[in-house]
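The structure appears below as structure tokens.
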Amino acid sequence: MLDSGWAQGERKGINELLEKNNFKVVAIICTHAHIDHIGNNAYLKEKYNCIIAMPDYEALICSSVINLKLYYSSQTLTDVKKHFGSMICKTDIMISNTQNSISIQGIKFRIFHTPGHSPAHICISTPDDVVYLGDTLISYEVMSGAKMPYAYILSEDLLSKLKLYDFKFSKYVVAHKGIYNDITQLITDNIDFYKNRASRIYDVIDGYMTMDEIMNVVTKTFNINVKNIYKYLLIERMSMSYIEYLNEIGAIVLSVDRGFLKYSKDIKEILQVQK
């Protein structure tokens with residue numbers, strides 16, 4: 001298997017598919033450690049005694065609830081265990097960031113390092129000339145409904161998307177609803193889509209604002225309904241990646257005003273505040 005899916009909502013369908021076809025999982029190669037991609041790792045490992053392979057840093061993240069807490073730092077240990085406990089698993093094969101292939105059961109898979117969506121995200125190609133892109137790209141179907149797609153480090157994610165222009169495969173599989181014969185236009189549209197979202201967040205920054213103030217305007221701009229703390233923390237993580245990107249490219253600057261970290265587009269205004 002390439003990724004094992006989400007425990008809540010997908011496990012039943014995966015089990016039915018495996019049993020219907022009399023399949024046995026001998027190994028799972030994971031693109032990255034997000035709950036919708038490794039949620040069934042521990043379950044399938046226990047059921048089939050299968051091998052789990054994953055990028056080494058991603059494997060570290062999901063190796064214990066304490067390490068998950070480091071990644072989901074804004075949540076309590078109890079909440080991390082409750083919401084993300086299905087991610088915890090033992091990885092048998094660690095894929096280093098310089099490794100370009102992996103052999104399992106005598107079958108060789110090529111590894112392409114595409115960090116950004118997660119710290120050590122990878123793409124995986126199979127011997128039959130198919131490449132699984134994981135979440136390096138999102139499909140047009142997902143794009144049509146996505147208000148603010150996630151990237152852990154957006155600047156790195158955009159660089160990884162550019163790498164995909166050099167891919168030459170017969171089929172391209174995108175994790176969330178998409179199989180393509182050619183991804184050239186999809187790459188361009190993905191890059192434009194993410195940059196457009198960053199631009200829209202840039203546009204809402206008025207004067208110098210705290211992250212909470214930006215969040216308040218962003219949720220209204222994108223019509224995001226924040227019903228609970230968990231949803232708030234998720235949107236905060238997503239928004240922060242765009243704010244960090246805008247800071248990295250020099251579009252916004254940071255300052256401290258009366259003990260509060262604030263973001264602004266106007267360097268002159270910040271200098272005045274700091275006086």
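Before moving on, here are some points about what is shown:
- For the range 24-115: rounded, prolate or oblate by the Cα gyration tensor [a/c cutoff 1.5]: oblate
- Pairs of lysine residues in the range 124-271 - Cα separation under 24 Å, sequence separation of 8 or more or cross-chain: 24
- Dipole orientation for the chain: of the candidates 15, 116, 31, 15 has the Cα lying most toward the positive pole (charges on Cβ; Lys, Arg +1; Asp, Glu -1).
- Evaluated over the range 40-96, the count of Lys pairs having alpha-carbon atoms less than 20 Å apart is 8 (only pairs 8 or more residues apart or interchain).
- Percent accessible area from carbon and sulfur atoms, the range 163-275, protein chains only, probe 1.4 Å: 51
- Considering only alpha-carbon pairs that sit under 8 angstrom and 6 or more positions apart, the relative contact order computed for the range 16-150 is 21 percent.
- Net charge contributed by nearby residues that have their C-beta within less than 9 Å of residue 5 (K/R +1, D/E -1): -2
- In a fully extended conformation the segment linking residue 229 and residue 247 would gain 3.9 nm over its present Cα-Cα distance, using 0.36 nm per residue.
- For the options 34, 83, 176, a Gaussian network treatment of the chain with springs between C-alpha atoms closer than 10 Å singles out 83 as fluctuating the most.
- Neighbourhood net charge (15 Å Cβ-Cβ; Lys/Arg +1, Asp/Glu -1) for residue 53: 0
- Neighbour net charge for residue 153 - beta-carbon separation under 10 angstrom, K R +1, D E -1: -4
- Considered as an equivalent ellipsoid built on the Cα gyration tensor, the chain has semi-axes of 36, 22, 17 Å, the largest given first.
The values are calculated or read from the model by the stated rules, or taken from the named source; none is laboratory data. These numbers come from a predicted model, not from an experiment. Positions of Cβ are backbone-derived with ideal geometry, glycine not excepted, and every protein chain shown enters the neighbour counts. Surface accessibility is based on the protein's heavy atoms, side chains included, excluding ligands, DNA and RNA. Shrake-Rupley method; radii C 1.70, N 1.55, O 1.52, S 1.80 Å.
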